[in-house]
Amino acid sequence: MPFEQTAVDVRRYRIIRTVILVWLTAVILAAFLLPIPRINILEHTARNLYFHVPMWFTMMAAVFVSAWHSLQVLRGGGLIRDIRALQAARVGAAFGIMGLVTGIVWSKYTWYVGTDVWWNFDPRQTMAALQLLIYGAYFVLRTAVDEPERRARVAAVYNLFAAVTVPFLLYVLPRQLQSLHPGADGNPAFSEITHPIMRLIFYPAVIGFIGLFWVLYTQRVRIAAVKLRVTRDPEN
Amino acid sequence: MSWIHGTWAVLEKDLRLELRSRYAVNMLLMFVLSSLLLVAFSVGQDEISPRLRSALLWIVILFSASIGLGRAFVAEEERGTVLLLRLNVRGSMVYAGKLAFNFLLLLAVDVVATAVVALILDLDVAVPGLLAAVLALGSLGLAGATTLLAAIIARASNRGPLLPVLLFPILVPLLLSVVSGTREALAGGAGWAAAGDELATLAGFAGVIITTAVLLFDFVWDD
């Protein structure tokens, strides 16, 4: 049976989880309390940097994890790999939605202040929206196939097929749409315009949120694996 | 059986079946005609920009592909001929044969759609060769993606209108390049030189899509 792979050292798991949660709490406290340099228009919204950008990094990490496990499904990894691909996609989609929302609200009151624009066709925003659309289609496809083994294979094929097309957007979108993001369109790079004190919190925040992804993802995988063992019928 | 031979056999079978019933062709053409007429009626006499024109043209092509080409594998399931096909030819031959058939259907759709748009929306094509190249390359990528996804939905128990949902997120890079390429062809100006990037993107997209689809097809096709 493929379930033995999920047997974890609970003690070690709990220690890692506690470290991550304490780490993230410290990062969030620091993000709100530590002084930051004042910049016109941005002012204190610059603190959103600690939340908005790590959300994207986390979603990208989740996309890679999901695609990797989909590949393992096709290499004969069994249902547990399918569960992993699905849960990584779900948690990744949640982070993607949060990244999109934090970005939209942030840009509405800074970059586009006075224009009354909510949705702007920024390449990165468009790409994130598309990744969410792909995951939406992936979830819909899963509900359309009844038999678990077949669902695992078909969903893995779609996940990988979609993952192959996303890099094209990196090439196509910036040529058609303008970006205000740092590092795009000849804008100054992130490291040039970000004060060292902000980077001191930003990098730990990235680690913290990817850690949070790991906690949520492993938790959901273990629940789904238990459910599969008890009911013989994996959730879709 | 050699690879080319098997592919041709699948294509020939589909062409013969199609000539017998003419179901897919008739449905596609009627869909293109009626949706373009709807567009024309709702636009009325207003002048629309080349960008909007190429967007309308491609959205109609995209929707007709997602509606008409989804039957490629579902029909095999319904007729109960999947096992025979699986016994006689390898998966990659099935994919290539169906891809060729869908590509031919799409070319027919392209011709009719462009002709109708030219007739009722008063289309001036500045660079006809470029338009043909963009249409052909775009249709190749479109057929490549649709053929694999059609095989996927044939495995689903609740098929319904699943294909458009799966297809559109994947085709966004193609749609963006194809619309701007078509706009260059309609607007004239620099013509071929201006659309070089779009053509390269479309060729690359079609190549990557078809290569990936051939690699992944066996996992959908074999049970």
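Name the residues in segment B:142-183 that are more than 10 Å from chain A (Cβ to nearest Cβ) and either under 18 Å from residue A:131 (Cα atoms) or not in a helix (DSSP H, G or I) (or both), would you?
B:161, B:163
Among the numbered criteria (1) assigned to a helix (DSSP H, G or I); (2) at pLDDT below 90; (3) open to solvent by 40 Å² or more (accessible area, probe 1.4 Å), which single criterion is violated by residue A:23?
Going through the list (1) assigned to a helix (DSSP H, G or I); (2) at pLDDT below 90; (3) open to solvent by 40 Å² or more (accessible area, probe 1.4 Å), residue A:23 breaks only (2).
Residue-wise test of (1) open to solvent by 50 Å² or more (accessible area, probe 1.4 Å); (2) over 29 Å from residue B:5 (Cβ atoms).
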{"site": "B:34", "(1), (2)": "yes, yes"}
{"site": "B:65", "(1), (2)": "no, no"}
{"site": "B:80", "(1), (2)": "yes, no"}
{"site": "B:102", "(1), (2)": "no, no"}
{"site": "B:116", "(1), (2)": "no, yes"}
{"site": "B:125", "(1), (2)": "yes, yes"}
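Looking only at residues in segment A:110-150 that are within 16 Å of residue B:221 (Cβ to Cβ) and open to solvent by 10 Å² or more (accessible area, probe 1.4 Å), which one is nearest to the other protein chains (Cβ to nearest Cβ)?
A:150
Is segment B:116-134 home to any residue that is within 24 Å of residue B:14 (Cβ to Cβ) and away from every other protein chain (no Cβ under 14 Å)?
The answer is no; no qualifying residue exists.
Tell me whether segment A:78-89 contains one or more residues that are in a helix (DSSP H, G or I), modelled with pLDDT of 85 or more and in contact with a Leu (Cβ under 6 Å, 6 or more places away or on another chain).
Within segment A:78-89, the first condition is being in a helix (DSSP H, G or I), and the residues that meet it are A:79-89.
Narrowing the set further to residues that are modelled with pLDDT of 85 or more leaves A:79-89.
Narrowing the set further to residues that are in contact with a Leu (Cβ under 6 Å, 6 or more places away or on another chain) leaves none.
Within segment A:78-89, none of the residues are in a helix (DSSP H, G or I), modelled with pLDDT of 85 or more and in contact with a Leu (Cβ under 6 Å, 6 or more places away or on another chain).
Per-residue answers, yes or no, for (1) assigned to a helix (DSSP H, G or I); (2) in contact (Cβ under 8 Å) with a residue 12 or more places away in the chain; (3) aliphatic (A, V, I, L, M):
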| residue | (1), (2), (3) |
| --- | --- |
| A:153 | yes, yes, no |
| A:161 | yes, no, no |
| A:164 | yes, no, yes |
| A:169 | yes, yes, yes |
| A:174 | yes, yes, no |
| A:200 | yes, no, yes |
| A:209 | yes, yes, no |
| A:220 | yes, yes, no |
| A:224 | yes, yes, yes |
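Conditions: (1) within 25 Å of residue B:134 (Cβ to Cβ); (2) touching a Phe, Trp or Tyr at 6+ places or on another chain (Cβ under 6 Å); (3) in contact (Cβ under 8 Å) with a residue 60 or more places away in the chain. Residue B:64 meets all but one. Number of the miss?
It fails just one condition, (3).
Are any residues in segment A:198-236 open to solvent by 60 Å² or more (accessible area, probe 1.4 Å) and under 15 Å from residue A:30 (Cβ atoms), and if so, which ones?
Across segment A:198-236, the qualifying residues are A:199, A:200, A:203, A:207.
Please pick out the residue among B:186, B:215, B:131 that is out of contact with any Pro (no Cβ under 6 Å at 6 or more places or on another chain), modelled with pLDDT under 90 and either over 20 Å from residue B:69 (Cβ atoms) or outside any helix (DSSP H, G or I) (or both).
Checking each option against the conditions leaves just B:131.
Here is a list: A:47, A:17, A:81. Which entry is closer than 26 Å to residue A:133 by Cβ and under 20 Å from the mean Cα position of the chain (by Cα)?
Working: A:47 fails: closer than 26 Å to residue A:133 by Cβ; A:17 fails: closer than 26 Å to residue A:133 by Cβ.
When all the criteria are applied, what remains is A:81.
Which pairs do you get when a residue that is more than 16 Å from residue B:170 (Cα to Cα), found in segment B:191-214, comes within reach of a residue that is surrounded by fewer than 18 Cβ atoms within 10 Å (Cβ to Cβ), reach meaning Cβ atoms under 8 angstrom, with the pair 6+ apart or on two chains?
Going by the 8 Å Cβ cut-off, the qualifying pairs are B:191/B:126; B:192/B:129; B:197/A:175; B:214/B:92.
Residue check: is residue A:162 among the hydrophobic types (A, V, I, L, M, F, W, C), over 22 Å from the mean Cα position of the chain (by Cα) and within 7 Å of chain B (Cβ to nearest Cβ)?
Details: among the hydrophobic types (A, V, I, L, M, F, W, C): yes; over 22 Å from the mean Cα position of the chain (by Cα): no; within 7 Å of chain B (Cβ to nearest Cβ): yes.
Taking the combined requirement at face value, the residue does not satisfy it.
Looking at A:103, A:92 in this structure, which one is surrounded by 16 or more Cβ atoms within 10 Å (Cβ to Cβ), of a type in the set (Gly, Ala, Ser), assigned to a helix (DSSP H, G or I) and in contact with a Ser or Thr (Cβ under 8 Å, 6 or more places away or on another chain)?
Numbers: A:103 fails: in contact with a Ser or Thr (Cβ under 8 Å, 6 or more places away or on another chain).
On inspection, the qualifying residue turns out to be A:92.
Within segment B:150-161, count every residue that is free of Cβ contacts under 8 Å to residues at least 24 places away in the same chain and open to solvent by less than 10 Å² (accessible area, probe 1.4 Å).
1
Determine whether residue B:215 is within 11 Å of another protein chain (Cβ to nearest Cβ) and open to solvent by less than 10 Å² (accessible area, probe 1.4 Å).
Spelling it out, it is not the case that residue B:215 is within 11 Å of another protein chain (Cβ to nearest Cβ) and open to solvent by less than 10 Å² (accessible area, probe 1.4 Å).
The values are calculated or read from the model by the stated rules, or taken from the named source; none is laboratory data. All of these numbers come straight from a predicted model, not from anything done at the bench. Every residue, glycine among them, receives a Cβ derived from its backbone with ideal geometry; neighbour counts consider all protein chains shown. Areas reflect the complete protein model, heavy atoms only, side chains present, ligands, DNA and RNA absent. Shrake-Rupley method; radii C 1.70, N 1.55, O 1.52, S 1.80 Å.
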